[in-house]
Each structure stands twice: as structure tokens, then as C-alpha cells.
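A short write-up of the structure that comes next.
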Amino acid sequence: MQARFRADVLANDNNRIILERWEALALPDGWLVAGCLFQTVWNLQAGRAPAENIKDYDLFYFDADDLSEAGERGVQARVDAVLADLGVPIEVTNQARVHTWYESYFGHPYAPLRSARDGIDRFLVPATCVGICPDAIHAPNGLDMLYAGMLTPNPLTPYPDLFDAKAASYCARWPSLRIVRPAQVA
């Protein structure tokens, strides 16, 4: 399944180019994550172009030595310079500092993370907990739910209001997806 996932992700030219330029990005504990990956899979399943309606490309990294906004902006600027010719929005987030702003932005507490992978693990929907770099795939919940289009709440981020909004947004764009509540999962 990982080989299929990698092939699907690379069908999106933006993902492929980002991974080809990985060394130049110089991201400590760096991962390409989120919608640019799972939405590419869902687009392919729906017979759409791989990059259709993907609003941005998210990169996570982990630098506990610099929790400043200025430090993160500097990394963002470096990444923007390397990937400017793609013409797509790239969002870079230092997972070491997410706990400093999450609650004020989303209205819920968020414990400090130990790695970028910890941030991937806490996405609101377990099927979307995926990350890739040139030599690894991180999918803590496997890939079956992603390919089955099964959206369930993540017990690591138990915020029903945020899950409901996210899942509804996904289902509106990919009608084949289905929301499954914990009591329905067998």
C-alpha cells in the first residue's frame, strides 16, 4: 500500500518537484504533509486531475531551538525561494511551536510536540495523518482508511467541532467519502 501511496502522491507534479528539491529545503525533521497528499489520492480516485483544488502544500519541520515567529518566517522565506517557480502556496510550520498559538487560533488546548511526526499524528481525521519525505512515509494509522474514504475523529485531537467542520468540507468536495463515528467503527 505504501508503494501505491507514493506513486499516487508523485502523480501530483507539485508534490514530485517538492520532493525532488528536498535537500535544498534543509528542513530538520521535515515532512510534506496534509491535503496535498490525501487530496491527491482522493482526486485520483474521483477521476480528477491530481492537483485539482489543492489550496496549498504544507511542510512540517521541527526545531525546538527556535520557537520564534521570526525563525519560522525565515524558514518560510528560504522554502519560498526554492519553490517559487511552482506558483502554488507553500505553508511551512515549525511543529515545535504549534502549542504556542493553537489554542488562540482554534480555541482548544494543544500539548507541546516532540517531533514533526507527532504533529502529523494529531490531524483531526486519522485517515489524513500522512506525511512523506524522499526516503520515508509516515502514516501512523495506516493507509486503509485513506483509500476507503473513511473519516473518523482522531482521539489524539478530540475536538468534535473542528472534526465536524473538517469532515463536512471534505465530503462536500469528495462525495464518495463517508463520516464514521467511533460507535460505528468495527
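Tabulated data
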| item | result |
| --- | --- |
| Given (1) at pLDDT below 95; (2) among the hydrophobic types (A, V, I, L, M, F, W, C); (3) within 17 Å of residue 43 (Cα to Cα), number of the condition residue 183 does not satisfy | (3) |
| Filtered residues of region 71-106 (kept if over 20 Å from the mean Cα position of the chain (by Cα) and more than 30 Å from residue 13 (Cα to Cα)) | 104 |
| Residue list for region 170-182, restricted to those being in a loop (DSSP other than H, G, I, E, B) and among the small types (Gly, Ala, Ser) | 176 |
| Residue satisfying all of: in region 103-139; part of a loop (DSSP other than H, G, I, E, B) and among the aromatic types (Phe, Trp, Tyr); surrounded by the fewest Cβ atoms within 10 Å (Cβ to Cβ) among these | 110 |
| Top-ranked residue of region 58-67 - restricted to ones that are among the aliphatic types (A, V, I, L, M) and out of contact with any Lys or Arg (no Cβ under 7 Å at 6 or more places or on another chain), ranked as nearest to residue 117 (Cα to Cα) | 59 |
| Residue within region 13-25 that is modelled with pLDDT of 95 or more and touching a Phe, Trp or Tyr at 6+ places or on another chain (Cβ under 7 Å) present | yes |
| Candidate set: region 14-57, residues that are under 17 Å from the mean Cα position of the chain (by Cα) and charged (D, E, K, R); chosen: the one farthest from residue 114 (Cα to Cα) | 52 |
| Index of the failed condition, residue 177 passing every other in (1) in contact with a Cys (Cβ under 6 Å, 6 or more places away or on another chain); (2) farther than 21 Å from residue 46 by Cα | (2) |
| Failed condition for residue 86, given (1) under 16 Å from residue 32 (Cα atoms); (2) among the hydrophobic types (A, V, I, L, M, F, W, C); (3) in contact with a His (Cβ under 9 Å, 6 or more places away or on another chain) | (3) |
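Per-residue answers, yes or no, for (1) in a loop (DSSP other than H, G, I, E, B); (2) more than 14 Å from the chain's Cα centre (by Cα); (3) not small (Gly, Ala, Ser):
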position: 141; (1), (2), (3): yes, no, yes
position: 145; (1), (2), (3): no, yes, yes
position: 155; (1), (2), (3): yes, yes, yes
position: 162; (1), (2), (3): no, yes, yes
position: 168; (1), (2), (3): no, yes, no
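The values are calculated or read from the model by the stated rules, or taken from the named source; none is laboratory data. Everything quoted here is computed from the prediction, not taken from an experiment. Using ideal geometry, Cβ is built from the backbone for each residue, glycine included, and neighbour counts are taken over all protein chains shown.
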